[in-house]
Amino acid sequence: MDKRLVPVYAAGFVTAFGAHSIAAGLGGYTEGEHASLLTLGLLLAVYDGAEIVLKPVFGALADRVGPRPVLLGGLVAFAVASTAFVLAGDPALVGLARLGQGAAAAAFSPAAGALVARLAPKTGHGRAFGGYGAWKGLGYTLGPALGGVLITLGGYALLFGTLGGLALAVAAWAAAAVPVVQPLPRTRQTVLDLVRRLATRGFLRPTATLAGATAAVAVGVGFLPVAGAAAGLGPLVTGVVVSLLAAAGALVQPWAGRARDADRIGDATGMVAGLVLAALGLASAVVLPGIAGLLAAAVAIGAGTGLATPIGFAHLAAATPPARLGQTMGVAEVGRELGDAGGPLFVGALAAAGSLGLGMAGLEGVLVVFAASVAFSARR
């Protein structure tokens with residue numbers, strides 16, 4: 001493992017751990033503050049909303065000034081937003097704190113992706129993005145459990161204080177270990193040029209893959225517990241199922257990246273196989289009864305997204321001019337965020353109109369369509 005990339009991976013852990021550790025405890029927060037479910041929804045959405053709006057902006061800034069200062073600035077801003085909540089001592093400011101954290105994550109996430117692509121050799125992009133994804137997966141896995149422990153021990157002040165200290169420590173580590181990566185000369189780009197570049201298969205294929213894979217994970221995390229509860233399973237069992245999904249994705253990503261770099265699996269094959277495997281996982285939750293269906297779904301969704309994600313990012317990096325990596329990563333990350341938000345909304349709407357099985361089947365169909373589109377465009 002390239003030691004220069006480890007603090008960049010740690011930055012990915014910060015954003016994943018920060019997002020899920022707080023989100024998992026917001027239900028208890030709203031209950032304690034006697035807030036409505038609408039308030040809970042807004043508190044959950046504000047982090048992702050800031051990322052959707054700002055990631056392309058900070059990605060373009062990373063191309064202009066270099067990704068390293070944007071990474072460091074984002075981590076410091078994340079620490080400031082977290083620490084400010086602790087110093088304010090007002091629980092009602094949690095929404096404002098999450099907005100600040102989301103804006104900061106919007107800065108260092110695309111910068112981290114650009115650094116992974118710039119610092120790793122092109123023949124090692126799969127392994128590098130697999131490692132980055134594994135660290136993020138670890139943050140998603142540990143976030144709810146450790147966040148709950150911190151909230152139990154010291155309330156939200158301890159959780160936000162821990163996040164602030166963690167972000168500041170990673171920023172110091174990155175400042176010491178990540179080398180300066182100079183911005184590359186860029187030709188002038190009009191809006192039409194940007195649209196044309198983002199309309200190419202080299203951008204659309206991996207971005208659709210990343211959006212679909214992220215949607216599958218979001219639906220698995222949100223709705224597999226619902227299916228488990230309907231089958232009479234308790235929260236402990238369904239919590240284990242969600243953790244298994246995250247762990248499967250974290251374990252598969254490094255393997256998928258190494259297989260891609262060693263030419264054991266092609267980019268199109270990996271993206272298609274990952275989407276199909278995730279779709280089969282959604283089907284398992286509906287077709288197989290009880291705990292067997294949930295376990296099969298968790299493993300298949302996690303493994304499918306773990307296969308598709310590093311290959312999608314590596315393919316995106318290979319198809320992007322090096323001088324535009326930050327901008328491209330920022331826009332692609334918006335696709336992931338839309339999948340993260342749109343997947344549960346899509347399944348929830350279908351479930352409300354019919355049943356949870358109909359919702360799962362609907363997203364399964366979307367993933368199959370994405371997989372077929374990737375396969376067709378690769379043949380062309």
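The values are calculated or read from the model by the stated rules, or taken from the named source; none is laboratory data. None of the values given here were measured: they were computed from a predicted structure. Using ideal geometry, Cβ is built from the backbone for each residue, glycine included, and neighbour counts are taken over all protein chains shown.
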For the stretch 43-84, how many residues meet the condition of being more than 14 Å from A103 (Cβ to Cβ) and buried (at least 24 other Cβ atoms within 10 Å of the Cβ)?
4
Filter the stretch 271-289 for residues that are touching a residue at least 24 places away in the same chain (Cβ under 8 Å), farther than 13 Å from L367 by Cβ and of a type in the set (V, I, T) and give the result.
V286
Does A172 satisfy being surrounded by fewer than 22 Cβ atoms within 10 Å (Cβ to Cβ) and either more than 24 Å from L119 (Cβ to Cβ) or modelled with pLDDT of 95 or more (or both)?
yes
Does any residue in the stretch 118-131 that is charged (D, E, K, R) come within less than 7 Å, Cβ to Cβ, of a residue that is not in a helix (DSSP H, G or I) six or more places away or on a different chain, and which pairs are these?
R118/V181
If a residue must be small (G, A, S) and crowded, with 23+ Cβ neighbours inside 10 Å, how many such residues does the stretch 251-271 contain?
3
What's the total number of residues in the stretch 251-276 that are among the aliphatic types (A, V, I, L, M) and either assigned by TED's automatic domain parsing to the domain that holds T141 or closer than 22 Å to W135 by Cβ (or both)?
7
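Looking at A303, is it closer than 15 Å to L245 by Cβ and in contact with a helix residue (DSSP H, G or I) (Cβ under 8 Å, 6 or more places away or on another chain)? Don't jump to the end; show me each part of the working.
Details: closer than 15 Å to L245 by Cβ: yes; in contact with a helix residue (DSSP H, G or I) (Cβ under 8 Å, 6 or more places away or on another chain): yes.
In short, yes.
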Candidate set: the stretch 208-242, residues that are closer than 21 Å to V286 by Cβ and hydroxyl-bearing (S, T, Y); chosen: the one surrounded by the fewest Cβ atoms within 10 Å (Cβ to Cβ)
T238
Within the stretch 94-104, is even one residue on the phi > 0 side of the Ramachandran plot, surrounded by fewer than 20 Cβ atoms within 10 Å (Cβ to Cβ) and out of contact with any strand residue (DSSP E or B) (no Cβ under 6 Å at 6 or more places or on another chain)?
no
Options L363, L345, L350; residue that is closer than 20 Å to F223 by Cβ, part of a helix (DSSP H, G or I) and out of contact with any helix residue (DSSP H, G or I) (no Cβ under 9 Å at 6 or more places or on another chain)
L345
